[in-house]
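Just below is one structure, and these are the notes that go with it.
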Amino acid sequence: MSGVERAVEGVLIAPSILSADFAALGDAIAAAERGGADLIHVDVMDGHFVPNITIGPPVVKSIRRVAKVPLDVHLMIEEPDRYIEAFAEAGAAMMSVHVEVLPHLHRTIHAIKALGVRAGAVLNPSTPVVALEEVAGDVDFVLVMSVNPGFGGQTFIPRSEPKVRAVRALLDAAGNRAPIEIDGGIDAHNVARVVACGARIIVAGSAVFHTADPERATRDLKAAALSGVASPA
Ligand code: DX5
Ligand code: ZN
């Protein structure tokens with residue numbers, strides 16, 4: 001079962017290696033997996049869509065060889081259509097693309113699916129939920145950015161909570177049980193709230209890797225996230 005199907009029933013933790021030591025990614029991934037990571041979130045940045053530059057398909061391919069859990073690849077790049085095949089070949093199990101750069105979002109989502117990869121659409125904090133309306137029945141998951149993308153360690157934007165609820169309502173109205181992922185400023189203190197709003201895939205970078213014990217931080221985050229499932233949405 002892919003990460004997406006498991007997220008329909010439970011809450012998945014997806015540590016973001018953006019905040020890990022890039023010289024020791026294998027160790028970082030192993031620690032997160034020992035702590036119960038369900039996915040590894042990989043942030044791809046091109047220096048155009050976002051100010052930062054990170055990694056490309058060769059690194060994803062190497063990570064794929066050592067990771068036991070599926071790779072969730074978040075493309076923060078201007079022309080994702082040019083690269084989706086390369087990231088699929090590199091081993092992405094899930095791939096998300098930003099609606100802000102895609103005039104033909106429907107086509108891109110189906111192109112990702114045709115490669116056998118779960119397709120997600122991402123909304124920046126300033127992008128309204130209505131931007132997803134016409135593809136609400138097509139997406140395998142939706143990623144709500146709760147910071148402006150580009151860097152780890154930023155502060156969670158509170159407006160993201162009603163936004164997650166609104167995305168859930170939109171997907172439900174389309175009859176799509178696709179899970180909602182949330183990314184940016186998530187930690188053990190606020191994770192239960194976003195889960196209660198309907199988020200089911202939790203990305204966390206600094207809250208996992210900027211700690212003395214990433215294994216324990218992953219475990220603690222998961223326990224805190226699960227406490228949100230029982231809370232009223
Ligand atoms: C930000 C990235 C995030 C980042 C999150 O642009 O998309 O995945 O790693 O980092 P934290 O959890 O530190 O906000
Ligand atoms: Zn991300």
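Put simply, of A24, A86 the only residue that is within 23 Å of G153 (Cβ to Cβ) and assigned to a helix (DSSP H, G or I) is A24.
Based on this model, can you work out whether V73 counts as within 12 Å of ligand 1 (Cβ to nearest atom), surrounded by 17 or more Cβ atoms within 10 Å (Cβ to Cβ) and either assigned to a helix (DSSP H, G or I) or at pLDDT 95 or above (or both)? For V73, the condition - within 12 Å of ligand 1 (Cβ to nearest atom), surrounded by 17 or more Cβ atoms within 10 Å (Cβ to Cβ) and either assigned to a helix (DSSP H, G or I) or at pLDDT 95 or above (or both) - is met. When residues in region 179-198 are screened for being farther than 14 Å from V147 by Cβ and either among the β-branched types (V, I, T) or under 13 Å from the mean Cα position of the chain (by Cα) (or both), 4 of them pass. Residues considered: A24, A30, A67. Of these, the only one that is of a type in the set (A, V, I, L, M, F, W, C), surrounded by fewer than 13 Cβ atoms within 10 Å (Cβ to Cβ), without any contact (Cβ under 8 Å) to a residue 40 or more places away in the chain and more than 15 Å from ligand 1 (Cβ to nearest atom) is A24.
Specify the residue that is nearest to E100 (Cα to Cα); the eligible residues are those in region 36-59 that are part of a loop (DSSP other than H, G, I, E, B) and over 18 Å from the mean Cα position of the chain (by Cα). The residue in question is H48.
For region 186-221, a residue qualifies if it is of a type outside the set (D, E), away from ligand 2 (no atom under 16 Å from the Cβ) and surrounded by fewer than 21 Cβ atoms within 10 Å (Cβ to Cβ), and the qualifying residues are A188, H189, N190, A192, R193, A196, T211, A212, R216, R219. From the list I202, I157, the one residue that fits, being assigned to a loop (DSSP other than H, G, I, E, B), of a type outside the set (K, R) and either over 14 Å from the mean Cα position of the chain (by Cα) or within 18 Å of I17 (Cα to Cα) (or both), is I157.
Look at region 127-148: where a residue is more than 16 Å from V4 (Cβ to Cβ) and away from ligand 2 (no atom under 16 Å from the Cβ) and a partner is outside any strand (DSSP E or B) and acidic (D, E), sitting 6+ places away or on another chain with Cβ atoms under 9 Å, you get A131/E100.
The values are calculated or read from the model by the stated rules, or taken from the named source; none is laboratory data. Just so we're clear, the structure is a prediction, and the values are computed from it rather than from any experiment. Here the Cβ is made from the backbone with ideal geometry for all residues, glycine too, and neighbour counts use every protein chain on show.
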